[in-house]
Structure formats: C-alpha cells, structure tokens
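S.K.: For reference, the structure I am asking about is given below.
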Amino acid sequence: MDTQAALAVGQNALFILLAVSAPLLGVILVVGLVVSLFQALTQINEATLSFVPKIVAAVVVFAVAGPWMLTTLVDFLRRILISIPEYAV
C-alpha cells in the first residue's frame, strides 16, 4: 500500500465516521441547548435534568438511525476487507 492509498482510506474512514456520528451528536447538542435554556430561564440547576433528556434523545436516535448507521459501517468495512488484496505487496 502506497502513501496515497493509505491517505485515501484514512480520509474515507474519517468521512464515514463523521457522517455516522453527526445525527447523534446533532440531536444531543440541540437537546442540551434546549435543556440549558430551560434551566437558565427557570433557575433550576439539577444535574439529572440535563443528563436524562440527552440519554433519552440518544436512545431515540439509535432507534431511528441505528440501522442506517450499522449498514453504513458494515458496508465500509466490507469494502476495506475486499480491497486488501489490491494493497498486498
């Protein structure tokens, strides 16, 4: 495997990682902002109030987007494993 191929595989892996993690991170970010705004407006500073909604949102995202995430990662892994003979010296 030459340097160019290794960089291409690494770049593709980072793109897949970003694409798969973006829905989860985006939803948790929005939920965190909404809860923080609610806490600031009501002056309730309870730790579980910010933690529990994020966990619930993460479970919902995994339930909705989980199959797509898993399919995307399995397809990437399959492509990498199939392309190993190309890079063997």
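Rule-based calculations on the coordinates, nothing more; no lab input. Not measured: the values here are computed from a predicted model. Glycine gets a Cβ as well: all are built from the backbone with ideal geometry, and neighbour counts include every protein chain shown.
S.K.: Which of the residues that make up the range 5-16 are surrounded by 11 or more Cβ atoms within 10 Å (Cβ to Cβ) and more than 21 Å from Ala88 (Cβ to Cβ)?
M.R.: Phe15, Ile16
S.K.: Would you confirm whether any residue within the range 21-39 is of a type in the set (Phe, Trp, Tyr) and free of Cβ contacts under 8 Å to residues at least 24 places away in the same chain?
M.R.: The answer is yes, given that some residue of the range 21-39 is of a type in the set (Phe, Trp, Tyr) and free of Cβ contacts under 8 Å to residues at least 24 places away in the same chain.
Yes/no matrix, rows are residues, columns are (1) surrounded by 12 or more Cβ atoms within 10 Å (Cβ to Cβ); (2) closer than 30 Å to Met1 by Cβ:
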site	(1), (2)
Leu18	no, yes
Ser21	no, yes
Val35	yes, no
Gln39	yes, no
Ala47	no, no
Ala63	no, no
Tyr87	yes, yes
